[in-house]
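Worksheet: one structure, shown below.
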Amino acid sequence: MGTEIERKFLVPDGGHVPDGPESEIRQGYLVIGPEGAEARVRRQDEEYSLTVKRGSGLARGEWETPLSAEQFAALWPATEPARIAKTRRSVPLGPHLAAVDTYHGRLAGLRTAEVEFTDPEAAAAFTPPPWFGPEVTDRPDLKNQRLATASAPPLT
């Protein structure tokens, strides 16, 4: 089992985000279960994956496996009611990397930044840069699995 240790922040609309490489992401949820459990498929540029997560909050169980384009295409129709589209910019922050997501479609206007850590101590020691907004790590309505079924961005 892998563990994802991650903090999530809002990024104010119109605020400057430093430059970094961008990729297009389409992800859909096959299963959204209680207490943060999920199974999703993702296309990030020309890479495909199946990810299962369990738990909520700062640290969660995470298992990811690569998929072929054909496997992704076979599973994608099953995600019909629970999908998101976003552009991800990778921004270096010292020893960390911020994944800044700008959502599209019905979630347009929402921007978030996620930072992954090697351990809870590193997460606790992290000081967000000034262009980050409020932390939303513990807000269920801003989890990607919830956003995938939302009709509009949550009130921030």
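The values are calculated or read from the model by the stated rules, or taken from the named source; none is laboratory data. Fair warning: this is a prediction, and the values are worked out from it, not measured in the lab. We place every Cβ from the backbone using ideal geometry, glycine too, and count neighbours over all the protein chains shown. Surface areas here come from the heavy atoms of the whole protein model, side chains and all, with no ligands, DNA or RNA. Shrake-Rupley method; radii C 1.70, N 1.55, O 1.52, S 1.80 Å.
Find the residue count for the stretch 99-113, including only residues that are open to solvent by less than 40 Å² (accessible area, probe 1.4 Å), touching a residue at least 40 places away in the same chain (Cβ under 8 Å) and not charged (D, E, K, R). Residues in the stretch 99-113 being open to solvent by less than 40 Å² (accessible area, probe 1.4 Å), touching a residue at least 40 places away in the same chain (Cβ under 8 Å) and not charged (D, E, K, R): 6 in total. Taking the stretch 29-81 as the range and being open to solvent by less than 60 Å² (accessible area, probe 1.4 Å), among the hydroxyl-bearing types (Ser, Thr, Tyr) and either out of contact with any strand residue (DSSP E or B) (no Cβ under 6 Å at 6 or more places or on another chain) or in a strand (DSSP E or B) (or both) as the test, the residues that pass are TYR29, TYR48, SER49, THR51, SER68.
Within the stretch 44-97, the residues that satisfy the criterion of being of a type in the set (D, E, K, R), within 25 Å of ALA152 (Cα to Cα) and touching a residue at least 40 places away in the same chain (Cβ under 8 Å) are LYS53, GLU80, ARG83, LYS86, ARG88, ARG89.
When you check ALA123 against the structure, is it open to solvent by less than 20 Å² (accessible area, probe 1.4 Å), part of a helix (DSSP H, G or I) and either closer than 23 Å to SER23 by Cβ or not charged (D, E, K, R) (or both), yes or no? Criteria met by ALA123.
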